[in-house]
Amino acid sequence: MTIRIYNTKTGKKEDLQTIKDGIVNLYVCGITAYDYCHLGHARSTIVFDMIVKYLRHSGYKVNFVRNFTDIDDKIIKRAAEQNTTTEELSTRFIQAFHEDMISLGNISPDIEPLATEHIPEIVNLIEALIDRDFAYESAGDVYFRVNKFKNYGQLSGRNLDDMQAGARIAINDQKENPMDFALWKTSKPGEPMWDSPWGEGRPGWHIECSAMAKKYFGDTFDIHGGGKDLIFPHHENEIAQSECASGEIFVNTWIHHGFVTIKDEKMSKSLGNFLTIREMLEKYSAETLRLFIFSAGYRTPLDFSDQAMKDAEAGVDKIYNCLATVASLDSDDLGKLPQIGKKDQTKLSNLEVRLQAAMDNDFNTAQALGYVFDAVKTVNKICTNLPDSAKPFNLQILKESGQTITKFMNILGLIKQNPQHYVQEKQDALMASITISPTEIEQLITERNQARTDKNWARADEIRDLLLEHNIEMKDGAKGTTWVVRT
RNA sequence: GGCGGCAUAGCCAAGUGGCUAAGGCAGUGGUCUGCAAAACCAUUAUUCCCCAGUUCGACUCUGGGUGCCGCCUCCA
């Protein structure tokens with residue numbers, strides 16, 4: 001099967017064709033390190049984590065680079081506010097970012113380059129652009145000459161005339177054209193600076209990615225990713241810089257994911273309506289967040305709400321519960337398992353193929369999750385109906401289905417815990433909140449069961465109500481009465 | 001103003017030129033239970049924003065309209 005990916009550049013899904021057989025070079029724009037990351041960043045990192053894991057699962061060697069922007073206007077401003085250096089500030093938030101990534105269960109990129117560690121590469125690239133007349137110096141700044149690049153606007157589907165008509169561009173006398181963007185900026189006194197042929201200054205925002213991508217992947221590479229908001233101007237400008245400097249196509253496939261919204265508005269620092277990863281993880285597990293994120297296509301806007309998170313949590317529990325049940329099936333149960341209907345059997349044995357087909361289709365996690373839940377339902381159905389005349393073969397089907405589900409969910413960074421432990425731990429966590437001891441509960445259950453034997457329903461109900469007041473819910477099963485803490 | 005995207009049941013959300021329009025949450029009826037819970041079964045869009053067109057046939061393609069969102073300034 002071929003993996004098909006929606007390419008922003010062409011607006012179509014295309015078969016993935018790598019430059020080198022079996023190798024994917026992937027560059028993702030990372031964060032500007034000046035604050036804690038919010039759910040939007042979480043979606044970005046989780047989506048690309050899934051993409052990398054799925055590509056690797058599909059047999060590709062993926063070289064995954066994600067940068068940090070550790071010098072820019074916002075960092076300078078924030079550092080000044082906090083009375084610290086840009087270096088201290090960015091180091092602190094890069095550290096926080098790494099902590100968040102571990103909490104979320106994301107793998108690390110192979111390389112995490114910093115802009116400030118690539119100043120020579122940046123300067124070289126700017127010099128190449130000046131040599132080719134695509135850039136010019138103006139009072140210590142260097143600007144890219146957008147008029148010189150005939151493809152400017154190809155990624156975002158714009159043209160220079162339309163954009164200038166918009167007139168939302170700050171007037172700057174140093175520029176030949178208002179749309180020209182800075183490659184190098186003169187530093188003001190007290191700001192961080194590096195030596196350059198144009199005097200002391202610092203790089204513009206876009207140039208770092210062009211320089212670092214070139215360093216690690218050469219002039220042309222396979223996939224470049226980021227949020228939709230980076231399409232213009234950031235990625236447009238990267239293309240301009242890189243292609244004008246090298247004369248080669250910069251990137252073959254552009255992947256852009258959608259935003260996380262709150263009440264249908266984009267979550268962003270400027271709007272102040274953001275929730276940090278840390279805040280949200282106090283309330284919900286990383287796996288709940290991941291399921292929530294994967295319940296929609298990565299390009300769709302995703303609206304965050306408590307209800308949506310509760311739905312996702314119920315989904316995670318549902319899968320774990322099913323897998324815990326399957327894991328608990330042992331040879332004693334063999335005789336009780338039913339023959340599995342032909343239809344269910346086919347459904348389960350096709351699961352892996354269906355999951356793969358969904359993922360191959362532009363990483364359609366929502367559809368894949370649909371298949372997983374469908375399989376969970378089927379497995380539950382089989383486990384629940386336990387008539388006689390079963391064959392070991394049936395147990396095998398259930399165990400294999402459980403393995404397929406687990407293996408696939410692991411690609412999404414989900415179901416990484418032992419299901420039985422998960423169910424148990426969830427229970428244990430709830431235990432802390434209850435106001436009655438397990439011993440007392442057991443005593444009351446024993447008493448209730450005696451009352452039930454005596455057909456003293458009044459007393460039995462009384463005990464159940466009493467336990468319910470303590471959030472304890474009983475389940476009368478064939479093997480006796482079990483209990484759980486109600487969520 | 002320019003450009004791009006989206007519109008599918010109470011909510012979230014896949015999907016396809018013709019086969020039952022996935023799945024989750026919530027709801028309803030049932031099985032089970034002394035009553036419950038959990039689980040399971042059944043059920044919840046004769047229809048996919050509106051209007052035209054293409055087609056033997058469109059929710060899916062084309063054109064127009066409406067609404068929402070995003071980008072054009074920093075942004076994942």
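What follows draws every value from the coordinates through simple rules; no lab data is involved. Remember, predicted model here, so these are calculated numbers, not experimental data. Here the Cβ positions follow ideal geometry from the backbone for every residue, glycine too, while neighbour counts run over all protein chains shown.
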Just to confirm my numbers, what's the Cα centroid distance between segment A:109-135 and segment A:172-230 in Å? 7
Tell me what chain A gives for mean residue ellipticity at 222 nm when only DSSP H runs of n ≥ 4 count, each as -39,500 (n - 2.57), the sum divided by the residue total, rounded to 500 deg cm²/dmol. -15000 deg cm²/dmol
Under the 0.36 nm per residue contour assumption, what length would be gained going from the current alpha-carbon distance of A:Ile434 and A:Arg92 to full extension? 119.2 nm
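When the chain is fully extended, how far beyond the present Cα-Cα distance does A:Ile111 get from A:Lys283, taking 0.36 nm per residue of separation?
Gain on extension, A:Ile111 to A:Lys283, equals 58.8 nm.
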Charged-residue dipole, Cβ positions (Lys, Arg, Asp, Glu), segment A:433-485 about Cα centre, Debye nearest 20: 240
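Work out, step by step, the length gained on full extension between A:Asp461 and A:His421: first 0.36 nm times the residue separation, then minus their alpha carbon distance; give nm to one decimal.
Details: separation 40, 0.36 × 40 = 14.40 nm, distance 3.12 nm.
Length gained between A:Asp461 and A:His421: 11.3 nm.
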Say each of A:Lys381 and A:Ser328 gets a label point 7 Å from the Cα, pointing the same way as Cα to Cβ; how far apart are those two points in nm? 2.2
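So how do A:430-439, A:178-187, A:298-307, A:58-67 stack up, highest first, on mean other-Cβ count within 10 Å? Before the final figure, lay out the partial values.
Working: A:430-439: 11.3, A:178-187: 20.9, A:298-307: 15.4, A:58-67: 18.5.
Going by the mean number of other Cβ atoms within 10 Å, highest first, we get A:178-187, A:58-67, A:298-307, A:430-439.
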Projecting each Cα onto the charge dipole of chain A (Lys/Arg +1, Asp/Glu -1 at the beta carbon, about the Cα centre), which of A:Thr69, A:Phe48, A:Leu348 comes out farthest on the positive side? A:Leu348
DSSP beta bridges in chain A, what fraction antiparallel, as a percent rounded to 5? 55
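Between A:Arg299 and A:Lys399, what's the calculated FRET efficiency when r is the beta-carbon distance and R0 is 25 Å? Round to 0.05.
Between A:Arg299 and A:Lys399 the formula returns 0.10.
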For the pair A:Glu81 and A:His57, how long in nm is the line joining their label points, each one 7 Å along Cα→Cβ? 4.0
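Taking the Cα centre of chain A as origin and charging only Cβ (+1 Lys, Arg; -1 Asp, Glu), how large is the dipole, in debye to the nearest 20?
Rounded to the nearest 20 debye, it is 1700 debye.
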Loop-only check: which chymotrypsin sites (Phe, Trp or Tyr not before Pro) in segment A:211-285 are DSSP coil with at most 14 other Cβ within 10 angstrom? none
